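The values are calculated or read from the model by the stated rules, or taken from the named source; none is laboratory data. Predicted, not measured: the structure shown is a model, and the values here were computed from it. FYI the Cβ positions are ideal-geometry reconstructions off the backbone, even for glycines, and counts take in every protein chain you see.
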Amino acid sequence: MVTKPSVRALFNAEVPVVRVDVCGAWHQGSCLFMALSSRHPHLFNHIRTFVNARVKWVRDPYLDNAVLKGKDLKQIISLKNQIISSPSKSLSMYTASQLKASLNLPTTTSKFIDKYHSVFTQFQPGPGLPPVVKLTPQAFSIHIEEMAVHNSPTNRQDTVQRLSRLLMLAGMAKLPLYVIEKLKWDMGLPHDYVTTLLADYPDYFNVCVVEDPSSGKEVLALELVSWRKELSVSELEMRARSLGISGDKRRHDIAFPLIFPKGFDLVKRVKTWVENWQKLPYVSPYEDAFHLDSNSDQAEKWIVAILHELLSLLVSKKTERENLLWFIILLLIITSGWSGCLSFLDWLKFYELQAQ
């Protein structure tokens, strides 16, 4: 019997990103429910209407090219931030070399700096003194422009609203800071956002302590001070409103945009199922929908809505698959109360086994 795309296929795909379309979100959402139902069938009593079929995973050359171009950009910016954070706006090569692991550099720090000589430059501050690395004048000028963008009132307000929506997606309106750190790059947050952004919006955010589902220990978390109804409108709902669709009619007329890469095709029976699935009522990702039958098409569509909205909040409109898994697993455990049936570590171990 052929099956839906497996978790193993998701982990073995060569490009570690997901587009903001129903293809990636549907794969992720459906596999999460498949994983839970396979481990704990007693939780579910409703059979989904999906017709079993294998869906071929097709690479998108345009997305591959975009990912390739920005391959080392995150590491470049991270090293740049470390240099700029130093009072002298420079680092000794010895200090820089100690950052290789924390910055996830693909090679030695020295080779990385040499490779991007238009961004970084090495010099010897004096006879007998150890070499130092700093930004080139052009790179420093771009950094100043970057800071101007981060500090502009328009951008700060946009960032605050997107971060608020991210917390609202989490159900309890709070997330461990380490989870936000995983999404920081794709969210477009400044590297020191806790001190330069959060501190200026006490009416929005508060840093608190929560129990970490992965360890049971207390960790710092970011919470939304109060629910902001005006922000609890998803990207798809805003599109529907712009077309004059509202109320109950909106729930039935909202469908996920299907963007298939060249060469991707669905067999007729799968295409028919997807068309019927798209016609199901749209449940906002900001609604608490854990009353839905967890193994139903409707619940699956809600999970896809959450993934779609999460990706729409990212500046890059893409992120690594593991970031999506962390977010959704935490959502299921913290909000639904399923932790007694399947612990956080069980989830991670399960996905690791599927990826082997």
So, in segment 199-241, how many residues would count as being under 19 Å from residue 171 (Cβ atoms), among the charged types (D, E, K, R) and part of a helix (DSSP H, G or I)?
4
I'm told residue 186 meets every condition in (1) at pLDDT below 90; (2) in a helix (DSSP H, G or I) except one. Can you identify the failing condition by its number?
(1)
From 257, 176, 190, residue being surrounded by fewer than 18 Cβ atoms within 10 Å (Cβ to Cβ) and either within 30 Å of residue 156 (Cα to Cα) or of a type outside the set (Ser, Thr, Tyr) (or both)
257
Which members of segment 285-317 meet the condition of being surrounded by 19 or more Cβ atoms within 10 Å (Cβ to Cβ), closer than 21 Å to residue 241 by Cα and among the hydroxyl-bearing types (Ser, Thr, Tyr)?
286
Considering only residues of segment 319-356 that are surrounded by fewer than 19 Cβ atoms within 10 Å (Cβ to Cβ) and outside any helix (DSSP H, G or I), which is modelled with the lowest pLDDT?
341
If you scan segment 226-275, which residues turn out to be at pLDDT 85 or above and of a type in the set (Gly, Ala, Ser)?
226, 232, 234, 240, 255
